[in-house]
Amino acid sequence: MTDRVVRLLSGLMAICAAAVLLLIMAEMARAAWPALTRVPVSEWLLSAHWSPSGGDFGLASMLAASLLTSAGALLIAGPAGVVLGAWMHLAAPGWLRGGLRTLQGLMAGIPSVVYGLWGLITLVPLVNTVAPPGAVMLTAILVLALMILPLSVLVTDAALSQIPDQALQSARALALSRWGSFRSVLWPRARAAIVSGIVLQFGRALGETMAVLMVAGNVIRWPDSLTAPVRTITANIALEMGYASGLHLEVLYLSGLLLLVAVALMMGLIQRGAGNL
Amino acid sequence: MTLADASLPRQPAIHIDELSVFYGDQCAINRAALKVEPGQLMALVGPSGCGKSSLLHSINRLTDTVPGCRVQGDIRIGSLAVHDPETRTDTLRRRVGMLFQQPNPFPLSIAENIRFPLREHGMRRRRDLDERVEESLRWVGLWEEVRDRLNAPALSLSGGQQQRLCLARMLAMEPDVLLLDEPCSALDPIATETIEDLIRTLKGRYTILMVTHNLAQARRIADSVTVCWVDEGCGCVVETGSREAIFVNSSHPVTRAYCDGQAG
Amino acid sequence: MRGMRDPIFMAAGICLVLLMVLPLGTMLLDLLQLGLPHLGLDFLLEAPRDAGRAGGVAPLLVSTGWILLVCMAAAVPVGLGCAVFLSEWLSPGSAASRWIGLSLDILSGVPSIVFGLFGYQVFAITLGMGFSILSGGLALACMVLPLLVRTSQQALAAVDVRYRDAGRALALTKTGMLGRVVLPSAAPGLAAAVVLATGRALGETAVLLFTAGYVMRMPDAVTDSGRALSVHIYDLAANVTGGLERASATALLLLALILLTTLGLHYSARVWQKRMLALGG
C-alpha cells in the first residue's frame, strides 16, 4: 500500500522536474509571441538597428556579438584545453596532474561575476593600453576563454581516462612521441567525447551574462573589430529589462527565447549523439 | 506467532517443466525440466554460463525485476503455479527463501537484520521479534558467538558469519523452499564446512535446490542431482536423478565427462 | 612515458599551464589587494552605507541565506523525489527515464538570464510575488534542479546492489527498503548533492537580478526584496563609481563561502568513504 503512495508522490516529483523545461519554453514563447507577430523576422533577425524608442528592433548586431565572442573564446580555449588535457594526461608528473585537476575544479566553481570583476580590475586597464577604451570585444573573448578553459581541460582529461591503457601500449611499442601517440592513437578514440564536451562549452559561453556584461563595453554596434565595444544578447537583456515595457519588453523575451532554443537544440543534438554512441 | 500460511503444505515438491529463460535475445537456459522431491536437497551442477542461476532466479521470480527478461514454461511449488499472473510475488517470496553467493546482510545491526524483515511482514511485538532473533541465530549456530553484541554492525562479522546471518534471516521468515545460489563459493574452507553442515541439518525440514560448481560438495550433501551443460550457446539440462544415478550409474557421456574429469 | 623526445609538446604544455595559472594568480592578488583591507568583522556585521561604497554586507548575508533556504526547500523535495523515482521505479533504459533525463540535461544548459526572465514572468508577475527572496529562491531552484537530480541519482545508485537483491528475495516493500536501508546508506552522498548545489547557487547572479531584486535593506520576510552577495558584487563593480574595493571584499567573502562548501563536500565524502570501508564494504 505504502509503495503505491510513495511511487505516486515520487513520480509526481519526477513529472514536475521534467516539466520545468517545458514550462520555461512555454512561458518564454508566450511572452515573446506579440513580438513575433508584430515584428517581422527580417527585422529582428537581420537588422542591426536597435532603437526601441524609435520602434527599431534589430537584434542582428547583438546576435553577431554573442556568436563572435563565444566563437572567439572557443577558438582559444578549445584547442588550448585539449592540448593541456593531453599534456596533463601524458606528460605531467603525478603531483602536477592532481594539483592541476584540483585547480581546474576550483576554477570551475568561481562565479562568473567574479571573473567579470577581475576583468574590470585587471584586464580592462591592460587592454586599454593597446586598445582604448579597454572594455571591448577582445576583453570579453579573453575572459570567456579563461572561464571555458578549465572545463575544456577536464572534459579532455575525462575522455582520455576512458581509453584503456592498452591503446597507449601500442603507441609506446611503436616508439611514438607523446604528441604523436596522442594524435594518432588517443585522439581518434576520444574525439567524439571531447568535441561534444567542447561544443557544450560553446553553449555555455553563448549564455554567459555577467562576465561579458562587465567587460564588453555594451555599445550597440556591429562587431566589426576586436577593439570595439560590443553588446551581447545576454547583456542586452540584463541592461534593458529594468526599464523596458510593451513591445520593447516583448522583444527582449524574444531574444531570450532565441537563446533558449539555440542552446536547447545544441544540447539536444549532443545528447542524441551521445546516446547513439 | 508464525508467518507461514498454515493451509499450505510444508516441504512442497518443486516441479520445473520446459523452462526457458531469455535476456533479450540471449538465451540463458532452454527447456529445462527437473523435480525436487519434498524435503530433499537437489544439487544443480554444471560449468559456468549454463544458466543455473537463471533457473534458480526464475523460481522466486527475481527474473521479473530484470528488464527484458522473458520466462517461458511451467514452475510449480507444491500446487502453486509460480508464473501464473494471479500469483502474488510477495506471497511467493515468503514461501521461498534465497541465499546468495555473496553474503548480503543489510548495513544494520545483527539483530536488526532479522527484525527488519519480520517487522515489514507484520510481526510487531518486541518480545516476539526478540524470540525469533534468538531462535534463528541458534539454528545457524551464531547465537553463542554474537549474543552479547547483537547491536554491532552486521558488516563487522566475518564472511562465514555473515552468510550464516543471511541464512538465519532467511529461516526466520519460515519459508518452505530454500534456493541456495553457490552459498559457499565466496567463503574460506572452514566457513564452507560450517555452512555445509548447517545445510545438511536443514534437509528434511525444507525442500532445497542448491546451485554449486563443487562436485565434491554435491556428492557430500545432495540427495539428488541435476547436471547442466551449454549447448549451442544456451544452457540446458543434461540429466537429472538421484545421487547414485548421476555419480555412479550414469551412462550419459556429458555427465561422465563432467563428473570424472571435472571438465568445464 | 620515457625516452620520447617531444620538446615542443612539453614546452606547449608548460606554457598552457602558465596561461591558466597566471590569470588566476593575478585575480587572487588583485582581489586581495583591493578587498582584504576591508574584510573585517565589521564588514560582516554592518549594513552597507553610501550605496555600498562604505560599511558592510550584513543584510546581504541574511538575504543570501534566505534565498538559498527557499531554493533548497523547493529544489530538494522535487529533486530527491525525482531521483528516487528514477532509481527505484524506472529501469535505466526505459523511454520515460530517457525523456526525463533529456529534459533535465537540456535544462542544465539553459542560460541563467533566461531563468531570470522566466522567474520574473512567472513568479514575480503571474504569481504576484514581485521582487522578493521568494521569487529569487524559486527561480534559483529551477536552475539547480538538474544538478541535484543527477548527483542524488548517483548517490542512490552507489548503494550496494546486493542490499536490493536481499530485499527483493525477502519480499520487502520498496518503501521499507528505502526508509531503512537505501536512504540511510545514500545519506552522505545526498548531503553532498545539496552542498554541491548550494555552492553553485551561491555564485548565480543573472537569475536574481529581476527576481530577488536589488534592495540592500535587511529583509523582514521572504516576500521582501533582498540583494544577494553576487548581485552586490555586480552592482558595486559596474554601477557604482569607487565601488571596486568593496566589490573585491565581497568577492573574497563569496569565494570563501563557496570554498567552505566545497571543502565541506570533500570532508563529507571522506567521512562517507571511511564509514563504508570500516563496515567492510
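One table, with the values for the structure above:
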{"quantity": "Qualifying residue in segment C:247-258 (condition: touching a Cys at 6+ places or on another chain (Cβ under 6 Å), among the aliphatic types (A, V, I, L, M) and crowded, with 21+ Cβ neighbours inside 10 Å)", "calculated": "no"}
{"quantity": "Segment A:236-250 residues that are within 11 Å of chain C (Cβ to nearest Cβ), paired with ones that are assigned to a loop (DSSP other than H, G, I, E, B) and of a type outside the set (Asp, Glu) (beta carbon under 6 Å, 6 or more apart)", "calculated": "A:238/A:209; A:241/C:210"}
{"quantity": "Number of the exception - residue A:174 against (1) farther than 17 Å from residue A:84 by Cα; (2) modelled with pLDDT of 85 or more", "calculated": "(2)"}
{"quantity": "Filtered residue count, segment A:82-125, keeping only those that are farther than 27 Å from residue C:234 by Cβ and under 20 Å from the mean Cα position of the chain (by Cα)", "calculated": "4"}
{"quantity": "Number of positions in segment A:1-59 that are free of Cβ contacts under 8 Å to residues at least 24 places away in the same chain, surrounded by 15 or more Cβ atoms within 10 Å (Cβ to Cβ), more than 10 Å from chain C (Cβ to nearest Cβ) and in a helix (DSSP H, G or I)", "calculated": "1"}
{"quantity": "Test: residue C:95 is farther than 30 Å from residue A:114 by Cβ, over 22 Å from the mean Cα position of the chain (by Cα), small (Gly, Ala, Ser) and surrounded by fewer than 16 Cβ atoms within 10 Å (Cβ to Cβ)", "calculated": "yes"}
{"quantity": "Strands (runs of 3 or more DSSP E) (entirely within segment B:148-264) containing at least 2 residues that are surrounded by 16 or more Cβ atoms within 10 Å (Cβ to Cβ) and of a type in the set (Val, Ile, Thr)", "calculated": "B:207-211, B:224-231, B:234-242"}
{"quantity": "Which listed residue is of a type in the set (Ser, Thr, Tyr), closer than 30 Å to residue C:178 by Cα and modelled with pLDDT of 85 or more, from C:103, C:63, C:91", "calculated": "C:103"}
{"quantity": "Failed item in (1) over 18 Å from residue B:62 (Cβ atoms); (2) out of contact with any Gly (no Cβ under 7 Å at 6 or more places or on another chain), with residue B:211 passing the rest", "calculated": "(1)"}
{"quantity": "Filter result (of a type outside the set (A, V, I, L, M), out of contact with any Cys (no Cβ under 9 Å at 6 or more places or on another chain) and either facing chain A (nearest Cβ under 7 Å) or at positive phi (or both)) within segment C:101-123", "calculated": "C:103, C:105, C:109, C:111, C:112, C:121"}
{"quantity": "Sole exception among (1) within 12 Å of chain A (Cβ to nearest Cβ); (2) part of a loop (DSSP other than H, G, I, E, B) for residue C:87, by number", "calculated": "(2)"}
{"quantity": "Subset of segment A:96-120 [of a type in the set (Val, Ile, Thr) and in a helix (DSSP H, G or I)]", "calculated": "A:102, A:113, A:114"}
{"quantity": "Test result for residue B:112, surrounded by fewer than 22 Cβ atoms within 10 Å (Cβ to Cβ) and more than 7 Å from every other protein chain (Cβ to nearest Cβ)", "calculated": "yes"}
{"quantity": "Number of the exception - residue B:184 against (1) under 24 Å from residue B:20 (Cβ atoms); (2) in contact with an Asp or Glu (Cβ under 8 Å, 6 or more places away or on another chain)", "calculated": "(1)"}
{"quantity": "Out of A:183, A:221, sole residue that is surrounded by fewer than 20 Cβ atoms within 10 Å (Cβ to Cβ) and either aromatic (Phe, Trp, Tyr) or at pLDDT 85 or above (or both)", "calculated": "A:221"}
{"quantity": "In segment C:43-58, residue nearest to residue A:88 (Cα to Cα) [restricted to those that are out of contact with any strand residue (DSSP E or B) (no Cβ under 8 Å at 6 or more places or on another chain) and surrounded by fewer than 14 Cβ atoms within 10 Å (Cβ to Cβ)]", "calculated": "C:44"}
{"quantity": "Those residues of segment A:80-95 which are surrounded by fewer than 16 Cβ atoms within 10 Å (Cβ to Cβ) and part of a helix (DSSP H, G or I), in sequence order", "calculated": "A:94, A:95"}
{"quantity": "Any hit, segment C:2-22, residues being part of a helix (DSSP H, G or I), at pLDDT 90 or above and under 25 Å from the mean Cα position of the chain (by Cα)", "calculated": "no"}
{"quantity": "Hits in segment A:140-167 (condition: more than 16 Å from the chain's Cα centre (by Cα) and buried (at least 20 other Cβ atoms within 10 Å of the Cβ))", "calculated": "A:156, A:157, A:159, A:160"}
{"quantity": "Matching residues, segment B:174-185, being touching a strand residue (DSSP E or B) at 6+ places or on another chain (Cβ under 6 Å) and hydrophobic (A, V, I, L, M, F, W, C)", "calculated": "B:177, B:178, B:179, B:180"}
{"quantity": "Failed criterion for residue A:59 (all others in (1) farther than 30 Å from residue C:172 by Cβ; (2) more than 23 Å from the chain's Cα centre (by Cα) hold)", "calculated": "(2)"}
{"quantity": "Residues being under 18 Å from residue C:216 (Cα atoms), hydrophobic (A, V, I, L, M, F, W, C) and assigned to a helix (DSSP H, G or I) - total across segment C:23-70", "calculated": "11"}
{"quantity": "Matching option when the condition is within 10 Å of chain A (Cβ to nearest Cβ) and within 13 Å of the chain's Cα centre (by Cα), among C:202, C:236", "calculated": "C:202"}
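Residues are listed down the side, and each one gets a yes or a no for (1) at pLDDT below 90; (2) under 26 Å from residue A:135 (Cβ atoms); (3) in contact with a helix residue (DSSP H, G or I) (Cβ under 7 Å, 6 or more places away or on another chain):
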position: A:53; (1), (2), (3): yes, yes, no
position: A:56; (1), (2), (3): yes, yes, no
position: A:59; (1), (2), (3): yes, yes, yes
position: A:73; (1), (2), (3): no, yes, yes
position: A:83; (1), (2), (3): yes, no, yes
position: A:96; (1), (2), (3): yes, no, no
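Residues are listed down the side, and each one gets a yes or a no for (1) buried (at least 17 other Cβ atoms within 10 Å of the Cβ); (2) at pLDDT below 85; (3) of a type in the set (D, E, K, R); (4) over 24 Å from residue A:157 (Cα atoms):
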residue	(1), (2), (3), (4)
A:202	yes, no, no, no
A:213	yes, no, no, yes
A:252	yes, no, no, yes
A:256	yes, no, no, yes
A:270	yes, yes, no, no
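The values are calculated or read from the model by the stated rules, or taken from the named source; none is laboratory data. As the structure is a prediction and not an experimental result, all values here were calculated from the model. Neighbour counts are summed over all protein chains in view; Cβ atoms, including those assigned to glycine, are modelled from backbone coordinates with ideal geometry.
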